[in-house]
1. Counting only complete DSSP H runs, which helices of the chain cover 20 Å or more along their long axis at the Cα atoms and score a mean Kyte-Doolittle of -1.0 or above?
2. Give, as ranges by residue number, the residues of segment 48-89 whose backbone N falls under 13 Å from the point 7 Å along Cα→Cβ of Leu189.
3. Residues of segment 1-45 with backbone nitrogen within less than 14 Å of a virtual label 7 Å along the Cα-to-Cβ line of Val119, please, listed as ranges.
4. Compute the distance in nm between two label points, each set 7 Å from the Cα along the Cα-to-Cβ direction, one at Arg89 and one at Ala209.
5. Working out 0.36 nm times the residue gap between Arg70 and Arg148, then minus their Cα-Cα distance, what length gain in nm do you get to one decimal?
Amino acid sequence: MIITFASSKGGVGKSTTCAAIASALALNGERVLLIDLDQNRTLDRWAKKAPIEGLTVSAIDPQKFGSFFREKEASGHYDHICIDLPGNREVTLFKALARSDLVVIPAQASEPDLREALVVVSDIRDVAETTGRPIPYRLLLTKIYPLRTRVTDFAYAELARLGLPLFRTALVERSAYREMFLNGHPPVLTEPGKGAGQEIIDLLAEIRAIVADTKSELRKAG
Ligand SMILES: Nc1ncnc2c1ncn2[C@@H]1O[C@H](COP(=O)(O)OP(=O)(O)O)[C@@H](O)[C@H]1O
Ligand SMILES: [Mg+2]
């Protein structure tokens, strides 16, 4: 699978979710390449703290993304490629979208975040139309409060009104997600079978199902 984590806003949880999902795949015995396109190199630094077998993290110059991606994909060395994007609308965003099996758009349950998510959605639709291939995407609510609040109710109502597809799993505001960048350990290791660890397992199951469904629909159509 090629999974891209995108949003035109910073601080919404792109890098956190990307690292957590990539770790879960690698700890399941799958070979994962994580491409860090953010010039802050958050994930490159994270990976050096507690390396995980089967997970390769490469921070690359956005200018070299196209050739790097082609080479790695053709190498057959990886089962999955996860792409962490910076929070801007640079050309790498469009290049990554064009290659994705699924785009995860993290957003907090707030009006400005949902507006930003809509910008990414319209970019995805443009790329899908231009390339003539479907690019599935889902919004992922992040850093939500564990209890239902007026804010989360507003977010769910807005998403329904806008017809935006959403992951059933949402990531609650939890220290395990913050700790990950401090000690390097991903949620599936720090909270196995509960809390953040369970959320990531649930999210990954949804991701796999969406990618599998899209592939089988494409086979039927083709
Ligand atoms: N579900 C969560 N619970 C608690 N903290 C979170 C969560 N998701 C992200 N964070 C924290 O929020 C900050 C921004 O997250 P990050 O993944 O770097 O966002 P982005 O890549 O979109 O800029 C980081 O300090 C991260 O630890
Ligand atoms: Mg980031």
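Since every read-out is calculated from the coordinates, none of them should be taken as a lab result. Note that the structure is a prediction, hence the values are computed from the model and not measured. Positions of Cβ are backbone-derived with ideal geometry, glycine not excepted, and every protein chain shown enters the neighbour counts.
1. Result, helices passing both filters: 111-131, 195-221.
2. 48-56
3. 6-12
4. Placing both labels 7 Å along Cα→Cβ, they lie 3.3 nm apart.
5. 23.7 nm
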